[in-house]
Amino acid sequence: MGMKMLAKRLLAAGLYSLQVPQRKLSQPGTWRILMYHRVIEPEQSLYPLEEGIYTTPESFARQMTWLKKHCQILSLAELVEELSKGNSNLTKAVAITFDDGWDDTCSNAYPILRDLNIPATVFLATDYIGTDKLFWTDKVAIAVAAIEDGFLLTEAQDLLITENKQYDQLLLEIFYTLASGDTGVSTQTVIEYILRTFKGYNREQLKTVMEVIDKCFGKFIAQTPRQFLSWAEVQEMSQRGISFASHSHSHENLTGCLEDFLRNDLTVTADCFKNHKVKTLPVFCYPGGYYNDQTQAVLSACGYQAALKVGCQSDLTANPMLLGRIGIHDDISSSDSMFACRISLDFFSG
Ligand SMILES: [Zn+2]
(Lines give C-alpha, C1' and ligand atoms only; values in the text may rest on other atoms or scores of the structure.)
Protein backbone atom coordinates (compact mmCIF):
# COMPACT_ATOMS: atom_id res chain seq x y z
CA MET A 1 0.00 0.00 0.00
CA GLY A 2 1.36 3.42 -0.96
CA MET A 3 1.79 6.28 1.49
CA LYS A 4 -1.06 8.23 -0.05
CA MET A 5 -3.47 5.32 0.37
CA LEU A 6 -2.26 4.68 3.91
CA ALA A 7 -2.81 8.35 4.78
CA LYS A 8 -6.30 8.20 3.26
CA ARG A 9 -7.10 5.11 5.31
CA LEU A 10 -5.99 6.72 8.56
CA LEU A 11 -7.88 9.89 7.75
CA ALA A 12 -11.01 7.90 6.87
CA ALA A 13 -10.80 5.94 10.13
CA GLY A 14 -10.49 9.20 12.10
CA LEU A 15 -13.35 10.96 10.30
CA TYR A 16 -15.54 7.88 10.64
CA SER A 17 -15.00 7.63 14.39
CA LEU A 18 -16.04 11.30 14.61
CA GLN A 19 -19.18 10.45 12.57
CA VAL A 20 -18.26 13.02 9.90
CA PRO A 21 -19.48 10.96 6.90
CA GLN A 22 -22.70 9.97 8.69
CA ARG A 23 -23.44 13.64 9.52
CA LYS A 24 -22.68 14.76 5.98
CA LEU A 25 -25.14 12.24 4.54
CA SER A 26 -27.80 13.43 7.00
CA GLN A 27 -27.80 16.97 5.63
CA PRO A 28 -31.09 17.88 3.90
CA GLY A 29 -31.09 17.47 0.14
CA THR A 30 -28.35 14.86 0.18
CA TRP A 31 -28.44 12.07 -2.38
CA ARG A 32 -25.90 9.74 -3.92
CA ILE A 33 -25.94 7.33 -6.82
CA LEU A 34 -23.37 4.56 -6.50
CA MET A 35 -21.77 3.02 -9.57
CA TYR A 36 -20.57 -0.57 -9.49
CA HIS A 37 -19.11 -2.62 -12.31
CA ARG A 38 -18.01 -6.15 -11.45
CA VAL A 39 -18.63 -7.93 -8.15
CA ILE A 40 -16.01 -10.66 -8.24
CA GLU A 41 -12.88 -11.97 -6.56
CA PRO A 42 -10.14 -10.85 -8.97
CA GLU A 43 -8.63 -14.36 -8.82
CA GLN A 44 -11.90 -15.73 -10.19
CA SER A 45 -11.40 -13.78 -13.40
CA LEU A 46 -9.66 -15.57 -16.26
CA TYR A 47 -7.77 -12.41 -17.18
CA PRO A 48 -6.40 -9.49 -15.15
CA LEU A 49 -9.05 -6.94 -14.09
CA GLU A 50 -8.44 -3.22 -13.78
CA GLU A 51 -8.50 -2.13 -10.15
CA GLY A 52 -11.20 0.43 -10.75
CA ILE A 53 -13.60 -2.16 -12.08
CA TYR A 54 -14.29 -4.63 -9.29
CA THR A 55 -15.56 -4.98 -5.73
CA THR A 56 -15.22 -8.36 -4.03
CA PRO A 57 -18.48 -10.11 -3.03
CA GLU A 58 -17.38 -9.82 0.61
CA SER A 59 -16.89 -6.03 0.40
CA PHE A 60 -20.11 -5.66 -1.56
CA ALA A 61 -22.11 -7.52 1.11
CA ARG A 62 -20.54 -5.37 3.84
CA GLN A 63 -21.31 -2.17 1.92
CA MET A 64 -24.95 -3.13 1.37
CA THR A 65 -25.32 -3.96 5.08
CA TRP A 66 -23.77 -0.59 5.97
CA LEU A 67 -26.12 1.26 3.61
CA LYS A 68 -29.15 -0.54 5.04
CA LYS A 69 -28.18 0.59 8.50
CA HIS A 70 -27.09 4.17 7.78
CA CYS A 71 -28.92 5.31 4.62
CA GLN A 72 -32.27 5.38 2.92
CA ILE A 73 -31.88 3.16 -0.12
CA LEU A 74 -34.20 4.19 -2.96
CA SER A 75 -34.66 2.67 -6.36
CA LEU A 76 -33.17 4.83 -9.10
CA ALA A 77 -36.70 5.54 -10.40
CA GLU A 78 -37.74 6.81 -6.95
CA LEU A 79 -34.64 8.95 -6.63
CA VAL A 80 -35.07 10.50 -10.10
CA GLU A 81 -38.71 11.22 -9.21
CA GLU A 82 -37.73 12.93 -5.91
CA LEU A 83 -35.07 14.96 -7.71
CA SER A 84 -37.55 16.08 -10.36
CA LYS A 85 -39.74 17.40 -7.53
CA GLY A 86 -36.72 19.11 -5.97
CA ASN A 87 -37.51 17.40 -2.67
CA SER A 88 -35.33 19.20 -0.15
CA ASN A 89 -36.36 16.80 2.63
CA LEU A 90 -34.37 14.09 0.91
CA THR A 91 -31.64 12.93 3.24
CA LYS A 92 -29.23 9.97 3.22
CA ALA A 93 -30.80 8.97 -0.11
CA VAL A 94 -28.78 6.37 -2.00
CA ALA A 95 -29.49 4.50 -5.24
CA ILE A 96 -27.41 1.57 -6.43
CA THR A 97 -26.43 1.05 -10.05
CA PHE A 98 -24.35 -1.41 -12.03
CA ASP A 99 -22.83 -0.75 -15.42
CA ASP A 100 -22.49 -2.97 -18.48
CA GLY A 101 -24.39 -6.13 -17.41
CA TRP A 102 -21.59 -8.47 -16.26
CA ASP A 103 -22.52 -12.06 -15.48
CA ASP A 104 -21.37 -11.58 -11.87
CA THR A 105 -24.08 -8.94 -11.39
CA CYS A 106 -26.43 -11.94 -11.38
CA SER A 107 -24.22 -14.63 -9.83
CA ASN A 108 -22.55 -12.55 -7.08
CA ALA A 109 -24.34 -9.23 -6.50
CA TYR A 110 -27.97 -10.22 -7.06
CA PRO A 111 -28.16 -12.87 -4.26
CA ILE A 112 -26.87 -10.27 -1.76
CA LEU A 113 -29.34 -7.62 -2.97
CA ARG A 114 -32.19 -10.13 -2.88
CA ASP A 115 -31.38 -11.32 0.67
CA LEU A 116 -31.25 -7.73 1.95
CA ASN A 117 -34.24 -6.67 -0.15
CA ILE A 118 -32.30 -3.82 -1.79
CA PRO A 119 -33.42 -2.35 -5.15
CA ALA A 120 -30.81 -1.73 -7.84
CA THR A 121 -30.61 -0.72 -11.48
CA VAL A 122 -28.42 -2.40 -14.08
CA PHE A 123 -27.40 -0.52 -17.24
CA LEU A 124 -26.93 -2.92 -20.13
CA ALA A 125 -24.69 -2.47 -23.15
CA THR A 126 -27.24 -4.46 -25.13
CA ASP A 127 -24.97 -5.58 -27.98
CA TYR A 128 -23.01 -7.66 -25.45
CA ILE A 129 -25.89 -9.22 -23.51
CA GLY A 130 -26.37 -12.93 -24.16
CA THR A 131 -23.21 -13.08 -26.27
CA ASP A 132 -19.58 -14.00 -25.67
CA LYS A 133 -18.40 -10.69 -27.15
CA LEU A 134 -15.82 -8.83 -25.09
CA PHE A 135 -15.09 -5.16 -24.53
CA TRP A 136 -11.90 -4.04 -26.25
CA THR A 137 -10.43 -3.23 -22.85
CA ASP A 138 -10.78 -6.87 -21.80
CA LYS A 139 -9.27 -8.06 -25.08
CA VAL A 140 -6.19 -5.97 -24.30
CA ALA A 141 -5.95 -7.60 -20.86
CA ILE A 142 -6.24 -11.06 -22.44
CA ALA A 143 -3.51 -10.22 -24.98
CA VAL A 144 -1.12 -8.94 -22.32
CA ALA A 145 -1.76 -11.97 -20.10
CA ALA A 146 -1.16 -14.30 -23.08
CA ILE A 147 2.20 -12.68 -23.84
CA GLU A 148 3.22 -12.84 -20.19
CA ASP A 149 2.35 -16.53 -20.25
CA GLY A 150 4.93 -16.91 -23.01
CA PHE A 151 2.76 -16.55 -26.11
CA LEU A 152 4.25 -14.63 -28.93
CA LEU A 153 4.19 -17.08 -31.78
CA THR A 154 6.06 -16.35 -34.96
CA GLU A 155 2.74 -15.99 -36.79
CA ALA A 156 1.62 -13.36 -34.33
CA GLN A 157 4.93 -11.53 -34.69
CA ASP A 158 4.61 -11.64 -38.49
CA LEU A 159 1.08 -10.34 -38.25
CA LEU A 160 2.13 -7.55 -35.96
CA ILE A 161 4.75 -6.53 -38.49
CA THR A 162 2.68 -6.87 -41.67
CA GLU A 163 -0.36 -5.28 -40.08
CA ASN A 164 1.74 -2.55 -38.61
CA LYS A 165 -0.04 0.61 -39.62
CA GLN A 166 0.51 4.13 -38.46
CA TYR A 167 -0.94 3.69 -34.99
CA ASP A 168 0.43 0.26 -34.18
CA GLN A 169 3.99 1.30 -33.45
CA LEU A 170 3.28 1.69 -29.76
CA LEU A 171 1.46 -1.62 -29.59
CA LEU A 172 4.32 -3.38 -31.31
CA GLU A 173 6.85 -1.89 -28.91
CA ILE A 174 4.79 -2.78 -25.86
CA PHE A 175 4.26 -6.35 -27.01
CA TYR A 176 7.95 -6.89 -27.81
CA THR A 177 8.96 -5.43 -24.47
CA LEU A 178 6.45 -7.68 -22.73
CA ALA A 179 7.67 -10.73 -24.64
CA SER A 180 11.26 -9.96 -23.67
CA GLY A 181 10.07 -10.30 -20.07
CA ASP A 182 11.73 -7.23 -18.70
CA THR A 183 9.22 -4.47 -18.24
CA GLY A 184 10.05 -4.27 -14.53
CA VAL A 185 6.42 -3.43 -13.70
CA SER A 186 3.29 -5.45 -12.90
CA THR A 187 0.91 -6.82 -15.52
CA GLN A 188 -1.69 -4.49 -14.06
CA THR A 189 0.48 -1.46 -14.68
CA VAL A 190 1.20 -2.50 -18.27
CA ILE A 191 -2.50 -3.02 -19.00
CA GLU A 192 -3.48 0.26 -17.42
CA TYR A 193 -0.81 2.06 -19.44
CA ILE A 194 -2.02 0.55 -22.71
CA LEU A 195 -5.68 1.27 -21.93
CA ARG A 196 -4.90 4.85 -21.00
CA THR A 197 -3.09 5.33 -24.30
CA PHE A 198 -5.77 3.67 -26.42
CA LYS A 199 -8.51 5.68 -24.72
CA GLY A 200 -6.88 8.75 -26.22
CA TYR A 201 -7.22 7.32 -29.75
CA ASN A 202 -10.08 8.28 -32.05
CA ARG A 203 -12.53 5.63 -33.34
CA GLU A 204 -10.52 4.85 -36.48
CA GLN A 205 -7.23 4.52 -34.62
CA LEU A 206 -8.79 2.28 -32.00
CA LYS A 207 -10.42 0.14 -34.70
CA THR A 208 -7.03 -0.36 -36.35
CA VAL A 209 -5.22 -1.51 -33.22
CA MET A 210 -8.09 -3.75 -32.18
CA GLU A 211 -8.11 -5.46 -35.60
CA VAL A 212 -4.47 -6.36 -35.00
CA ILE A 213 -5.19 -7.64 -31.49
CA ASP A 214 -8.16 -9.68 -32.76
CA LYS A 215 -5.95 -11.27 -35.43
CA CYS A 216 -2.97 -12.03 -33.20
CA PHE A 217 -4.82 -13.08 -30.06
CA GLY A 218 -8.06 -14.42 -31.58
CA LYS A 219 -7.34 -17.88 -30.13
CA PHE A 220 -7.24 -16.56 -26.55
CA ILE A 221 -10.12 -14.18 -27.04
CA ALA A 222 -12.30 -17.01 -28.44
CA GLN A 223 -11.44 -19.27 -25.48
CA THR A 224 -12.80 -16.74 -22.98
CA PRO A 225 -16.29 -17.80 -21.84
CA ARG A 226 -19.26 -15.43 -21.78
CA GLN A 227 -18.64 -12.49 -19.43
CA PHE A 228 -22.01 -10.78 -19.77
CA LEU A 229 -25.52 -11.63 -18.55
CA SER A 230 -27.84 -13.79 -20.61
CA TRP A 231 -31.26 -12.39 -21.45
CA ALA A 232 -32.80 -15.15 -19.28
CA GLU A 233 -30.83 -13.83 -16.29
CA VAL A 234 -31.94 -10.28 -17.11
CA GLN A 235 -35.58 -11.42 -17.26
CA GLU A 236 -35.32 -13.28 -13.96
CA MET A 237 -33.78 -10.33 -12.09
CA SER A 238 -36.21 -7.95 -13.73
CA GLN A 239 -39.10 -9.84 -12.11
CA ARG A 240 -37.49 -9.61 -8.69
CA GLY A 241 -36.70 -6.05 -7.75
CA ILE A 242 -33.91 -5.24 -10.19
CA SER A 243 -34.62 -2.62 -12.83
CA PHE A 244 -32.85 -2.26 -16.15
CA ALA A 245 -31.98 0.59 -18.47
CA SER A 246 -29.77 1.30 -21.44
CA HIS A 247 -26.03 1.89 -21.41
CA SER A 248 -26.23 2.19 -25.24
CA HIS A 249 -26.09 -0.73 -27.65
CA SER A 250 -22.51 -0.44 -28.86
CA HIS A 251 -20.84 0.83 -25.65
CA GLU A 252 -18.91 3.26 -27.87
CA ASN A 253 -17.94 6.77 -26.87
CA LEU A 254 -21.05 8.56 -28.13
CA THR A 255 -19.38 11.94 -28.29
CA GLY A 256 -17.10 10.81 -31.11
CA CYS A 257 -19.84 9.71 -33.49
CA LEU A 258 -22.29 11.28 -35.90
CA GLU A 259 -25.86 11.99 -34.86
CA ASP A 260 -27.14 9.23 -37.18
CA PHE A 261 -25.00 6.66 -35.40
CA LEU A 262 -26.26 7.86 -32.03
CA ARG A 263 -29.93 7.80 -33.06
CA ASN A 264 -29.54 4.36 -34.59
CA ASP A 265 -27.77 3.05 -31.48
CA LEU A 266 -30.65 4.29 -29.29
CA THR A 267 -33.24 2.66 -31.55
CA VAL A 268 -31.43 -0.68 -31.55
CA THR A 269 -30.88 -0.74 -27.78
CA ALA A 270 -34.58 0.04 -27.16
CA ASP A 271 -35.58 -2.73 -29.60
CA CYS A 272 -33.36 -5.26 -27.77
CA PHE A 273 -35.21 -4.65 -24.50
CA LYS A 274 -38.57 -4.80 -26.28
CA ASN A 275 -37.73 -8.02 -28.12
CA HIS A 276 -36.72 -9.67 -24.86
CA LYS A 277 -39.76 -8.28 -23.02
CA VAL A 278 -37.68 -6.47 -20.41
CA LYS A 279 -39.14 -3.23 -19.02
CA THR A 280 -36.75 -0.28 -18.84
CA LEU A 281 -36.43 3.00 -17.00
CA PRO A 282 -36.27 6.14 -19.18
CA VAL A 283 -32.80 6.76 -17.76
CA PHE A 284 -29.59 6.49 -19.75
CA CYS A 285 -26.04 5.82 -18.67
CA TYR A 286 -23.30 7.35 -20.84
CA PRO A 287 -20.79 4.71 -22.04
CA GLY A 288 -17.40 5.54 -20.55
CA GLY A 289 -19.09 8.53 -18.89
CA TYR A 290 -18.64 10.56 -22.12
CA TYR A 291 -21.33 13.08 -23.06
CA ASN A 292 -21.73 16.37 -24.91
CA ASP A 293 -24.53 18.73 -25.93
CA GLN A 294 -25.49 16.48 -28.84
CA THR A 295 -25.85 13.33 -26.72
CA GLN A 296 -27.96 15.18 -24.16
CA ALA A 297 -30.20 16.74 -26.81
CA VAL A 298 -30.75 13.48 -28.73
CA LEU A 299 -31.46 11.54 -25.52
CA SER A 300 -34.06 14.10 -24.45
CA ALA A 301 -35.61 14.02 -27.93
CA CYS A 302 -35.79 10.20 -27.67
CA GLY A 303 -37.75 10.41 -24.41
CA TYR A 304 -35.05 9.85 -21.79
CA GLN A 305 -35.84 11.76 -18.59
CA ALA A 306 -32.46 11.47 -16.96
CA ALA A 307 -28.91 10.39 -17.72
CA LEU A 308 -26.01 9.40 -15.52
CA LYS A 309 -22.42 10.51 -15.78
CA VAL A 310 -19.39 9.75 -13.64
CA GLY A 311 -18.45 12.15 -10.85
CA CYS A 312 -19.60 13.21 -7.44
CA GLN A 313 -21.77 16.19 -8.42
CA SER A 314 -25.03 15.59 -6.60
CA ASP A 315 -27.24 18.42 -5.38
CA LEU A 316 -30.89 19.24 -5.81
CA THR A 317 -30.22 21.61 -8.69
CA ALA A 318 -28.32 18.99 -10.73
CA ASN A 319 -29.20 18.83 -14.43
CA PRO A 320 -31.27 15.60 -14.79
CA MET A 321 -29.31 14.72 -17.95
CA LEU A 322 -26.04 14.92 -15.98
CA LEU A 323 -26.66 13.17 -12.66
CA GLY A 324 -23.37 12.35 -10.96
CA ARG A 325 -22.38 8.92 -9.66
CA ILE A 326 -19.66 7.72 -7.35
CA GLY A 327 -17.61 4.78 -8.55
CA ILE A 328 -17.15 2.09 -5.92
CA HIS A 329 -14.28 -0.37 -6.23
CA ASP A 330 -12.27 -2.40 -3.79
CA ASP A 331 -9.03 -0.45 -3.86
CA ILE A 332 -10.71 2.62 -2.35
CA SER A 333 -13.60 1.23 -0.35
CA SER A 334 -12.65 -2.06 1.30
CA SER A 335 -13.46 -0.92 4.85
CA ASP A 336 -16.59 0.70 6.34
CA SER A 337 -14.73 3.93 7.05
CA MET A 338 -13.26 4.20 3.53
CA PHE A 339 -16.63 3.36 1.98
CA ALA A 340 -18.49 5.89 4.16
CA CYS A 341 -15.99 8.65 3.38
CA ARG A 342 -15.99 7.78 -0.32
CA ILE A 343 -19.74 8.14 -0.65
CA SER A 344 -20.16 11.19 1.55
CA LEU A 345 -17.16 13.48 1.22
CA ASP A 346 -16.29 15.11 -2.08
CA PHE A 347 -12.56 15.15 -1.47
CA PHE A 348 -12.61 11.36 -1.03
CA SER A 349 -14.53 10.67 -4.23
CA GLY A 350 -13.18 13.37 -6.51
ZN1 LIG B 1 -19.69 0.74 -19.39
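The values are calculated or read from the model by the stated rules, or taken from the named source; none is laboratory data. Quick caveat, the model's predicted, so the values are computed rather than measured. We place every Cβ from the backbone using ideal geometry, glycine too, and count neighbours over all the protein chains shown.
Some observations on this one:
- Whenever a residue of region 240-260 is of a type in the set (S, T, Y), its partners that are within 11 Å of the ligand (Cβ to nearest atom) and not in a strand (DSSP E or B), lying with C-beta atoms within less than 7 angstrom and at least six residues away or across chains, give the pairs S248/A125; S248/P287; T255/Y290.
- Check on T255, polar (S, T, N, Q) and outside the structural domain of R114 (by TED's automatic domain parsing): no
- Extreme residue, nearest to E233 (Cα to Cα), among residues of region 115-133 that are within 13 Å of the ligand (Cβ to nearest atom) and buried (at least 19 other Cβ atoms within 10 Å of the Cβ): I129
- The set of residues in region 273-323 being in contact (Cβ under 8 Å) with a residue 40 or more places away in the chain and of a type in the set (K, R) consists of K277, K279.
- Residue satisfying condition, being touching a Ser or Thr at 6+ places or on another chain (Cβ under 7 Å) and at pLDDT below 85, within set V190, V209: V190
- Elements of type helices (runs of 4 or more DSSP H) in region 1-114, at least 1 residues being surrounded by 20 or more Cβ atoms within 10 Å (Cβ to Cβ) and in the same structural domain as S337 (by TED's automatic domain parsing): 20-26, 57-70, 76-84
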